[in-house]
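*Asks:* My structure is below; once you've seen it, I'll send some questions.
What follows is calculated from the coordinates using simple rules that are stated; it is not laboratory data. A quick note: this is a predicted structure, and the numbers were derived from the prediction, not measured. Don't worry about glycine lacking a Cβ; one is built from the backbone with ideal geometry, like all the others, and counts go over all protein chains shown.
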Amino acid sequence: MRLGSGRRRATIVLFTASSLGLLGARLAHAVDEIQVYNAEINEVGQFSIQQHLNYTITGIPTPAYPGALISNHALNGTPEFAYGVTPWLELGLYVPWAVNGEGQFLSNNIKLRTLFAIPDAAKKDFFYGLNFEYDFPSWPFVPSRFAMSR
């Protein structure tokens, strides 16, 4: 039996979320928002805005270093501005923030994102892509002036 595109995506998201949940709290050290990518990127010349939100119900109750954001009861958000440059390249700008358990608003400066995907990836059963994020984090998020994720 072949699943429809929507059911297939829902199954993949459910499987991924379940798998990550099984890894346990030991790996849940990130105080950044979490995203799940699908194959869709903006068309050439298309601009988009998304808002990502994550709340940590039970997180790490002690800071990883002096002044670090504590993930326990933290709300993380990221407005994402994206622009389609080519059929295989999308550029993005993130403006991440958090509200800690005490209600304090914290800015995490900006992130620049480059997302590469095979052309028409959303129309394919199998696709691949590569995402790079260049961070200029603030102290409560990372004890460094520059970070990069992939």
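*Asks:* Hey, can you grab everything whose amide H is under 5 Å from the amide H of I60? Only 5+ residues off in sequence or another chain; H modelled, so Pro and N-termini drop out.
*Replies:* Here the answer is S71, N72, since their amide H atoms fall under 5 Å of that of I60.
*Asks:* Counting other Cβ atoms within 10 Å of each Cβ, which chymotrypsin sites (Phe, Trp or Tyr not before Pro) in region 117-146 have at most 11 and sit in a DSSP loop?
*Replies:* Taking region 117-146 and a limit of 11 other Cβ atoms within 10 Å, the loop chymotrypsin sites (Phe, Trp or Tyr not before Pro) found are F126, Y128, F146.
*Asks:* Next question, about the same structure. Given R₀ = 25 Å, what would the calculated FRET efficiency be for F136 paired with Y55, taking r from the Cβ atoms and rounding to 0.05?
*Replies:* Once the sixth-power term is evaluated, E becomes 0.55.
*Asks:* Report the Stokes-Einstein translational diffusion coefficient (µm² s⁻¹, integer) for region 55-150, Rh taken as the Kirkwood radius over Cα pairs, at 10 °C with viscosity 1.306 mPa s.
*Replies:* 106 µm²/s
*Asks:* Which far-off residues, 5 or more places away or on another chain, put their amide H under 5 Å from the one on H52, with H placed in the peptide plane?
*Replies:* Amide H neighbours of H52: T78, E80.
*Asks:* Moving on. In what sequence do D120, D125, D135 fall when counting other Cβ within 10 Å, fewest first?
*Replies:* With the fewest neighbours first, D120, D125, D135 line up as D125, D120, D135.
*Asks:* A further question follows. In debye to the nearest 20, how big a dipole does region 85-127 give about its Cα centre with +1 on each Lys and Arg Cβ and -1 on each Asp and Glu Cβ?
*Replies:* Here region 85-127 has a charge dipole of around 100 debye.
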